[in-house]
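Worksheet: the structure to be examined is printed underneath.
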Amino acid sequence: MNETIITARMHKDGTVVEVLADGSERPFPKQPMRPMTEEEIHAAAVSDPDALPMTEAELRTARRVPRVKTMRRALHLTQEEFAARYHIPLGTLRDWEQGRSEPDQTAKAYLKVIDANPEAIYQALQSTPH
């Protein structure tokens, strides 16, 4: 069986590039997706055993993953590391992730800013006196 392995990287702006053997990068060619009807989309989903659409009952009982947890995992940080890095009480972060409470409007705005530029926020907090 012949296999070709392509290494890809996503930049912060959302562009995806191919990483070449020498470490350089090149953009993937832009190939527009073939428009599909709703029926074609459903047929393609049903034919993929790893991506079967959820039933209404499954959707109702599915455990929701809070956005902050997804963001933290994307940054490859533990709860403790994320909480310390962004000055969020660990218990508060755990409560958000476990669905026991929701971030208020101010916290939601802060999380949005962290999501937009996590390194800049970390650097800004490093230079702030406690």
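Quick look at the values:
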read-out	value
When residues of the range 1-57 are limited to those that are outside any loop (DSSP other than H, G, I, E, B) and β-branched (Val, Ile, Thr), the one nearest to the chain's Cα centre (by Cα)	Val16
Contacts under 9 angstrom Cβ, first residue in the range 54-71 being within 30 Å of Leu90 (Cα to Cα) and hydrophobic (A, V, I, L, M, F, W, C), partner assigned to a loop (DSSP other than H, G, I, E, B) and at pLDDT 85 or above, 6 or more apart	Val68/Ile88; Val68/Pro103
Tally, over the range 78-111, of residues that are within 20 Å of Ala124 (Cβ to Cβ), at pLDDT 95 or above and part of a loop (DSSP other than H, G, I, E, B)	4
Test: residue in the range 44-65 that is touching a Phe, Trp or Tyr at 6+ places or on another chain (Cβ under 7 Å) and of a type outside the set (Phe, Trp, Tyr)	no
Criterion: more than 22 Å from Met10 (Cβ to Cβ), out of contact with any helix residue (DSSP H, G or I) (no Cβ under 6 Å at 6 or more places or on another chain) and surrounded by fewer than 10 Cβ atoms within 10 Å (Cβ to Cβ) - qualifying residue of Thr92, Thr106	Thr106
The range 6-23: number of residues that are more than 18 Å from Ala74 (Cβ to Cβ), in contact (Cβ under 8 Å) with a residue 12 or more places away in the chain and surrounded by 10 or more Cβ atoms within 10 Å (Cβ to Cβ)	3
Matching residues, the range 112-130, being closer than 30 Å to His11 by Cβ and not in a helix (DSSP H, G or I)	Asn117, Ser127, Thr128
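The values are calculated or read from the model by the stated rules, or taken from the named source; none is laboratory data. What you see is a predicted model; the values in this text were computed from it and never measured. Using ideal geometry, Cβ is built from the backbone for each residue, glycine included, and neighbour counts are taken over all protein chains shown.
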